[in-house]
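Before any comments, here is the structure.
What follows is calculated from the coordinates using simple rules that are stated; it is not laboratory data. Here the structure is a predicted model, which means the values were calculated and not measured. Cβ atoms come from the backbone with ideal geometry, glycine included; neighbour counts cover every protein chain shown.
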Amino acid sequence: MTDPVRPGMGDERLADDQLVANDVSAELASNRTALSLLRTEASGDRTLMAVIRTSLSLISFGFTIFTFFNTLKKSYLPGAISDEAPRRFGATLIALGIVLLCLGLWKNVQTVRTLKERRNRLFRLGLIRNMAEFHISPIAMVAFALLIAGLLAISRLIFRTGPF
């Protein structure tokens, strides 16, 4: 990590114990700005967790509906329910969960990219000194794993393949 350049002072670098522009209020503002970027990143993770919960509900409910009505049709009501109705309804719910998850992941990536660009710009201008890196969120990894599980579930329903 490199020290920020003091604004208007050429290549002179700030040490960790030096204030930005030798002003306590500027230093405090720099810290508040850096922390607000981290809070915004955490807010994006919380939003992605809400998307994961909703997607997981749709995917699991779609697979459960398919299994329940398929078993009901075969065991108790042969001929009363069409052969494809449980499959179509379950696949529709799973597809909605997958689409919602893809949109949530895309929005999360866009948010992190925007925050990273803004943080880098503020750092280049010497307005913040904290270069805490944005990382691949564990929540995003869980969302990606759920996306794979949803794709496997829908492939099971549509193509009658997969481990489920």
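Table for the structure above
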| item | result |
| --- | --- |
| Burial ranking of peptide ranges 107-119, 59-71 (average Cβ count within 10 Å, highest at the top) | 59-71, 107-119 |
| Selection from Gly79, Ala50, Ser60, by position along the positive dipole direction of region 35-137 (Cβ) | Ala50 |
| Debye, to nearest 20: dipole size of region 20-159, +1 on Lys, Arg Cβ, -1 on Asp, Glu Cβ | 120 |
| Thr33 versus Glu117: modelled label distance in nm, points set 7 Å from Cα along the beta carbon direction | 1.8 |
| Extension gain (nm, one decimal) between Asp83 and Trp106, 0.36 nm per residue minus Cα-Cα | 4.7 nm |
| Hull volume in cubic angstrom per residue (convex hull over the Cα atoms of region 20-159) | 85 |
| Stretch gain in nm, segment Thr40-Ala145, where the contour uses 0.36 nm per residue and the Cα spacing is subtracted | 35.4 nm |
| About the Cα centre, charge dipole magnitude for region 84-164 (Lys/Arg +1, Asp/Glu -1 at Cβ), debye | 300 |
